[in-house]
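See below for the structure under consideration.
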Amino acid sequence: MNALADIAAPAGTDALVDSRFTVPGMRCAGCIGKVERGLGAVPGVEAARVNFSAKRVAVRHSAEIDPFALIGELEKLGFEAQLASDNPLAQDDRETRMLLRATAVAGFGMMNVMLLSVSVWSGAGGVTKDLFHWLSALIAIPVIAYAGRPFFSSALMALSHRRTNMDVPISIGVLLATGLSLYETVTGGQHAYFDGATMLLFFLLCGRALDAMMRGRTRAGIGALLGRMGRSASVVQADGSTRRLATDQLFPGMVMIVAAGEALAADGEVIEGHGAIDNAMLTGESEPEPVGPGQMVHAGSMNLTAPLTVRITATASDTVIAEIARLMDEAGQSRSRYVRIADRASRLYAPAVHTLALAAFAGWMIAGAGWYQSLVIAIAVLIITCPCALGLAVPAAQVTAASALLKQGVLVKDGSALERLAQVDMVLFDKTGTLTLGEPVPDLSMLDAGQKSAALALAERSRHPLSVGLAKALHDEGVTAAPVKEVLETAGHGLTGMMGGLAVALEKPEQAGTSVASELRLGDRTVMIPFRDRLREDAAEVVASLKQQGIPVSMMSGDRSDAVRDVASELGLFGRCGMKPEEKLAELERLKALGHLPLMVGDGLNDGPALAAAHASIAPGSASDASQQAADAVFLGTRLAPVLAALKISRRTMQIVKQNFGLAIGYNVLAVPLALAGYVTPLIAAIAMSTSSLIVVANSLRLARSGR
Amino acid sequence: MTSLVFLIPIALLLGLGGLAAFFWAMRSGQFDDLDGAANRILIDEDEDGDEASEEDKP
């Protein structure tokens, strides 16, 4: 949308498309260079541009390249990547930009009007004063008309629904002040309040813009989830030939052929072929599942080994993955009903301010001050009670906290997430990929050098997760692959090959034990290679620390294996296994109904609905894109400590927010009686207003230190 | 007094100039990736810069 558009496509290349990827692993300048240069070197890629703040890459490439191939290229560069849906940020982006523009305009108006006002306050009189008032009006009226729009439209919206919000007193104050100032200017009067009106708008817009930036981090989620589904499928035609059809052209009853390495585009029943599918996104089970004729396979899962022929049973919105998306959407909506602190405050605040201003007007009228004097005082009350400091109290603290957390490797996506995180009273963890690292690590102690190199030669050829983990571990040890030929992969069974005259194999063990393992065979000697999914290094400390703080911790896992029991006993917490996405969701709903405020930490797509339903949720950076979208915060790295940091800093933030409210209200308590008494001149009002705002901002900046 | 006739328009024009510059910067997407801009300055444009960037990979 921005920099990409600037890179002009050369004439003649008509079929260029944009793809966007989320690459959470980018952390430094080197990564930007690597990704942009690496992708740029791929044939067919026109340009790649990293957006570092959003951890995204926009790639412009020819239509022949499959976006999933680009994910492979990114993996080769050492970055995990996920396809992001088409610019879900557009909406939020526009709001933030509009507010930033309005802030700039208000700032411009404020400074120039103030320049003129200071001269008037310092005693300019006669023609000069009138000239300056006219100039102020000339600057201020267009500025207010432009910069005030966010408030006016919101106030109108509220009034048209017979409600009131914080924007109503602001709008009334600004409009009345402007109208009265214009009247003063035309009649050559003493005071004009253009400075007050523009300054009010400027400080309020600062708060709004900060708030919008915070919310801008939230990304739309559902599109990305559905993006994981295959986008097209090879459908067998009546004459036996196959044709590539897009997902929306698929219908139940069609027969599709799913090649190895292809993502399924629809739910269906296998009618031919044996293979293994990676179902992790639906079940959370990290092991590939062997499938054969008669078994159901689901959209979004990946066919790992051999081609399968599948008869489609459900497409598009009827698929299991679409069901998860729907659950996530619904759960998220129920949470977004949570009322933001500032809104709650304003619900009390707006009527109070109106009453006060009205009382001031009525009181001075009764006292016989004349309608003009009474109106001036009423406006002074409206302006001085201006929720400038109140408007900044929450966003300033939240933005500072968010950047402090970012330094700790936690990306908070929404200001209200900090409010919710601070209230959490229990923590639920997913197992695979959350408490554990989610990648099987082999125990290599039983292997000698020759066996290692043979194992590497075989493991390198396969995309099976165990093979990938084995190959990685062997690579890390500096093992070189033995010359193995005729490597064959049998789905759900293993790999075979010939090393010299010796038959070698890397297979699933004969007796399937309770733990995950592979069997390496060299001639007639066999060795078992056990695999373990390691705990995150500080998982035990984090769990202990949470318990120490009096926060109960438990585990919900989709795995059915005994691994759940091992982890639970190692960490000393209560764990449940074999939970389906809807069961996790139901459990959270149950806890919430009991009055608990649970924090969900999980990574799998199967955790998506639970993440969306929990009072607050955190996902690791290795989580699927959709889970990251559903979560309130994402933490990076292999340690679990950022979860603790997020809880600590969010609580600190709420303390600061409360202090800010205290300061803002304290200021009003001092200033309002003065305004009511009619002692407030424009100069005093302006100084008091900005001082209170600056104090609130300074107080919020203290949060930046708590990050360390 | 006559100096005001020049100074006020100049002040206004300078302000407007700044405002226009901000609008232009925002329209051209310079605020989209603030962290990236801070990091990009460290990237060497020439190809042999790769080794340097290998080191600061986390």
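Every read-out reported here was derived from the displayed coordinates using simple, explicitly stated rules and does not represent laboratory data. Please read these numbers as outputs of a predicted model, since none were measured by experiment. Because the Cβ atoms are built from the backbone with ideal geometry, glycine has one as well, and the counts that use them run over all protein chains shown.
Highest first, please rank the peptides A:357-364, A:692-699 by the mean number of other Cβ atoms sitting within 10 Å of their residues.
Values: A:357-364: 18.0, A:692-699: 20.2.
Packing order, densest peptide first, comes out as A:692-699, A:357-364.
The modelled label-to-label distance for the pair A:Thr638/A:Glu95, using points 7 Å beyond Cα in the direction of Cβ, is 3.9 nm.
A simple rule links phi to the HN-Hα coupling: the Karplus curve 6.51 cos²θ - 1.76 cosθ + 1.60 with θ = phi - 60°, which for the stretch B:35-42 gives 5, x, 4, 5, 8, 4, 4, 7 Hz, with x for Gly and Pro.
Take the cross-link list A:Lys547/A:Lys592; A:Lys547/A:Lys658; A:Lys413/A:Lys592; A:Lys452/A:Lys508; A:Lys55/A:Lys407; A:Lys76/A:Lys580 and give me the ones stretching past 24 Å between alpha-carbons.
Numbers: A:Lys547/A:Lys592 20 Å; A:Lys547/A:Lys658 26 Å; A:Lys413/A:Lys592 22 Å; A:Lys452/A:Lys508 17 Å; A:Lys55/A:Lys407 15 Å; A:Lys76/A:Lys580 33 Å.
Violating the 24 Å limit, Cα to Cα: A:Lys547/A:Lys658; A:Lys76/A:Lys580.
The mean number of partner chain beta-carbon atoms within 10 angstrom of a residue's beta-carbon across peptide A:132-142 is 1. Rounded to the nearest whole Hz, the Karplus-based 3J(HN,Hα) values (6.51 cos²θ - 1.76 cosθ + 1.60, θ = phi - 60°) of the stretch A:108-114 follow the sequence 4, x, 4, 5, 6, 5, 4, with x at glycine and proline.
For A:Arg56, the residues 5 or more places off, or on other chains, whose built amide H falls under 5 Å of its own are A:Val23, A:Asn51. For the stretch A:495-638, build the charge dipole from Cβ charges (+1 Lys, Arg; -1 Asp, Glu) around the Cα centre, then report which of A:Val601, A:Ser545, A:Ala505 sits farthest towards its positive end. Of A:Val601, A:Ser545, A:Ala505, it is A:Ser545. If R0 equals 45 Å, the separation of the Cβ atoms of A:Ala704 and A:Val468 corresponds to a calculated FRET efficiency of about 0.65.
Name the residue farthest towards the positive end of the dipole of the stretch A:130-220 from the options A:Val174, A:Phe203, A:Ser136, assuming +1 on Cβ of Lys and Arg, -1 on Cβ of Asp and Glu, about the Cα centre. In the stretch A:130-220, that residue is A:Phe203.
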